[in-house]
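The values are calculated or read from the model by the stated rules, or taken from the named source; none is laboratory data. What you are looking at is a predicted structure, and each value in this text was computed from that prediction instead of being measured. For neighbour counting, all protein chains shown are included, and Cβ atoms are generated from backbone atoms with ideal geometry for every residue, glycine included. Ligands, DNA and RNA are excluded from the accessible area calculation, which covers all protein heavy atoms including side chains. Shrake-Rupley method; radii C 1.70, N 1.55, O 1.52, S 1.80 Å.
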Amino acid sequence: AGSSLGVVGRTGSGKTTIGRLVARLWDTEDGRVLVGGRDVKDLAVADLRRRIGIVTQDVELFRTSLRENLTVFGAHHASDDDVAAALAAVGLGDWLATLPAGLDHHVDGAAELSAGEAQLLAFARVLLSDPSVVILDEATSRLDPVTEARVETATRRLLHGRTAIVIAHRLSTLDRVDRICVLDHGQVVEHGERAALAADPTSAFAGLLAAGRAQEVAVP
């Protein structure tokens, strides 16, 4: 509880599957998935999902008011002050202040927002649900560096005091996680403390870091 795990691996290695199994969007045919030491199949699905918040690279926004978007039509019981505080916490307080209708502002889906704004709204939505476990699945993969830095600040706020599973393609996203899990073709090939794996030149994670640095140097 309260720790963070970074999940890495090449495309198709099974990273997203991990998140779906934890949230029980999928079930295993064999073995068990334990959250807090309890098999997810022993928990009521509604109870499990109330404790888990998920942010993916594709943000779903409804064509309704900003308030309804963030409270999911009242599923998250929150006052207007709570909603405004969540927006401020993820760096959208000033943006909210520019909206003449405030929380009654009609959101026309994600089309009217930048990718960064949409992602930050998704973070605010999860903050309002106050989950114990947060799963970030490639949440910053489509963002430019400037926007990604802004989202990184919101990420730290969102993950504070919560258990986190961070599925990432950009390894810089994992600079602050406690542990790393490396997947390959659906198998865990490495699992350990991030600092130790990064310092070990023979580790799979160190190899991925080196490959990432080489790619950045090669890009003009």
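Values as computed for the structure displayed
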| quantity | calculated |
| --- | --- |
| Subset of the range 1-31 that is of a type outside the set (G, A, S) and assigned to a strand (DSSP E or B) - its residue that is most open to solvent (accessible area, probe 1.4 Å) | L5 |
| Where a residue in the range 68-86 is within 16 Å of E117 (Cβ to Cβ) and its partner, wherever it lies, is open to solvent by 50 Å² or more (accessible area, probe 1.4 Å) and in a helix (DSSP H, G or I), with Cβ under 9 Å and at least six apart | V83/R67 |
| Output for the range 32-41, where each listed residue is surrounded by 15 or more Cβ atoms within 10 Å (Cβ to Cβ) and either of a type in the set (D, E) or part of a helix (DSSP H, G or I) (or both) | V40 |
| Which listed residue is more than 25 Å from R150 (Cβ to Cβ) and not β-branched (V, I, T), from A88, A75 | A75 |
| Every residue from the range 42-60 that is within 21 Å of H160 (Cβ to Cβ) and open to solvent by 60 Å² or more (accessible area, probe 1.4 Å) | R50, R51, I54 |
| Checklist (1) open to solvent by 30 Å² or more (accessible area, probe 1.4 Å); (2) in contact (Cβ under 8 Å) with a residue 12 or more places away in the chain; (3) in contact with a helix residue (DSSP H, G or I) (Cβ under 8 Å, 6 or more places away or on another chain); (4) of a type outside the set (A, V, I, L, M) applied to D108, failing item | (3) |
| Among (1) open to solvent by 80 Å² or more (accessible area, probe 1.4 Å); (2) modelled with pLDDT of 90 or more; (3) within 20 Å of the chain's Cα centre (by Cα), the one test that R63 misses | (3) |
| D94 being in contact with a strand residue (DSSP E or B) (Cβ under 9 Å, 6 or more places away or on another chain) and surrounded by fewer than 19 Cβ atoms within 10 Å (Cβ to Cβ) | no |
